[in-house]
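A quick write-up on the structure given underneath.
A short reminder: the numbers here are calculations on the coordinates, not readings from a lab. Just so it is clear, the structure is predicted and the values come from calculations on it, not from any experiment. Counting neighbours? That spans all protein chains shown, and the Cβs are built from the backbone with ideal geometry, glycine included.
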Amino acid sequence: MSMLIRAPSKTNVQDGGNIAVVCRFRPPNQREIENGGSNIVEIEKRTEKGQTLRIVGNVSDRKPYTLDHVFGSDTSQEEVYQKAARPIIESVMDGYNGTIFAYGQTGSGK
């Protein structure tokens with residue numbers, strides 16, 4: 001899992017900007033597939049409040065996490081770039097400040 005925190009884009013700078021939190025889950029690697037690894041994340045449909053994910057495990061431990069956007073393991077790098085990074089890069093090129101902060105374990109798909 002990797003997290004990307006998105007800073008203001010030119011469309012919301014006039015409103016004081018915002019921070020958007022998105023999460024991308026990478027596809028399983030060959031070793032994980034060979035060892036019978038399985039998906040441990042449930043991604044729910046997007047709502048006006050954001051998108052919720054749950055880490056699968058014990059039914060009583062399935063705490064919801066609501067983020068601005070969640071990218072599943074079938075999401076391409078191009079789609080992540082287009083939806084999460086490109087608007088910020090365009091804003092920076094237009095003279096606005098912008099930050100993309102990617103956080104995650106090495107090899108997690110940042």
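Please get the size of the charge dipole for the range 29-110, origin at its Cα centre, with Cβ charges of +1 on Lys and Arg and -1 on Asp and Glu, quoted in debye to the nearest 20. Numbers along the way, then the final one.
Numbers: 10 positive and 12 negative charges, 51 e Å.
In debye, rounded to 20, the range 29-110 gives about 240.
Relative to the present Cα-Cα distance, how much length would full extension add between I40 and R54 at 0.36 nm per residue of separation? Show your work: numbers first, answer last.
Details: separation 14, 0.36 × 14 = 5.04 nm, distance 0.84 nm.
Going from the current span to full extension adds 4.2 nm.
How large is log10 of I(q)/I(0) for the range 20-110 at q = 0.14, 0.17, 0.18, 0.22 Å⁻¹ when the intensity is taken from the Debye formula with one equal scatterer per alpha-carbon?
Debye output, listed in q order: -0.62, -0.86, -0.94, -1.24.
Quick check: residue separation of Q77 and Y65 times 0.36 nm, minus the Cα distance between them. What number comes out in nm?
Answer, rounded to one decimal: 2.1 nm.
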